Amino acid sequence: MSHLIAPSLLAANFFDLKTDIEMFNKSEADWLHLDIMDGVFVPNISFGLPVIQSLKKHVTKPFDVHLMIINPDKYIQDFKKAGANLLNVHYEACNHLHRTIESIHQSEMKAGVTLNPHTPVCLLENIISDIDLVLLMSVNPGFGGQKFIKNTYNKIDQLKELILKKNSKAIIEVDGGVDTNTAPLLVRAGVDVLVAGSFVFQSKNPAETIKWLKNL
């Protein structure tokens, strides 16, 4: 498949969200990336279920929900009801990851597992065949606009090898520091989904920026 673009709502203009959502719907973006932060797992608080429920009435594309929270299992059904199509949980936040993945699938959502920059890919060896997506954090989670961590390219190579070895259907998503310099290299490296926040929503023409990313 050609790579997908998932603009991150966290970087949008919340004072004029209607304009940004209308732009997103008309653009060549594929998913809307929604970062849910609890101020415990990461040192920031973002938005929650009421915002997602409101957005669902107006957004015409799938919701890629990234849970940066403790105890994500408690909220799987809530995010399904709110409108999530794909639910990403952190490896570091799940004591019983296989059970969490099963619960997400039973709730009729795609299941993703996110790895922080310090977390090695090899830890997914016994779960990679059960998941739909792996999200590699290329910055430390919690804040937008951070500098890209170059070791991410090595992790992409390692993840591709593991997916092939296990004959997994999982696709690769990268979030953090996606910009003019890193985006072409990430696509060339084999990334399937690019998450872009500040690079899209703080550009002069977000729709054109999305188009540029999509056509790399």
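The values are calculated or read from the model by the stated rules, or taken from the named source; none is laboratory data. Here the structure is a predicted model, which is why all the values come from computation and not from measurement. Every residue, glycine among them, receives a Cβ derived from its backbone with ideal geometry; neighbour counts consider all protein chains shown.
Values for this structure:
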quantity	calculated
Qualifying positions in region 44-63 - more than 21 Å from residue 30 (Cβ to Cβ) and either in contact with a Cys (Cβ under 7 Å, 6 or more places away or on another chain) or assigned to a strand (DSSP E or B) (or both)	45
Any hit, region 193-203, residues being of a type in the set (Ser, Thr, Tyr) and either closer than 14 Å to residue 64 by Cβ or without any contact (Cβ under 8 Å) to a residue 12 or more places away in the chain (or both)	yes
Restricting region 64-95 to residues that are assigned to a loop (DSSP other than H, G, I, E, B) and out of contact with any helix residue (DSSP H, G or I) (no Cβ under 8 Å at 6 or more places or on another chain), the residue that is farthest from residue 9 (Cα to Cα)	95
Search result, residues across region 173-216 that are within 21 Å of residue 132 (Cα to Cα), among the β-branched types (Val, Ile, Thr) and surrounded by 21 or more Cβ atoms within 10 Å (Cβ to Cβ)	174, 191, 193, 195
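Each row is one residue, and each column tells you yes or no for (1) under 20 Å from residue 214 (Cβ atoms); (2) out of contact with any Phe, Trp or Tyr (no Cβ under 9 Å at 6 or more places or on another chain); (3) modelled with pLDDT of 95 or more; (4) acidic (Asp, Glu).
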| residue | (1), (2), (3), (4) |
| --- | --- |
| 9 | yes, no, yes, no |
| 22 | yes, yes, yes, yes |
| 31 | yes, no, yes, no |
| 58 | no, yes, yes, no |
| 98 | no, yes, yes, no |
| 106 | no, yes, yes, no |
| 113 | no, no, yes, no |
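Residue-wise test of (1) free of Cβ contacts under 8 Å to residues at least 12 places away in the same chain; (2) within 20 Å of residue 194 (Cα to Cα); (3) under 16 Å from the mean Cα position of the chain (by Cα).
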| residue | (1), (2), (3) |
| --- | --- |
| 4 | no, yes, yes |
| 11 | no, yes, yes |
| 14 | yes, no, no |
| 27 | no, yes, no |
| 46 | no, no, yes |
| 57 | yes, no, no |
| 60 | no, yes, no |
| 69 | no, no, yes |
| 106 | yes, no, no |
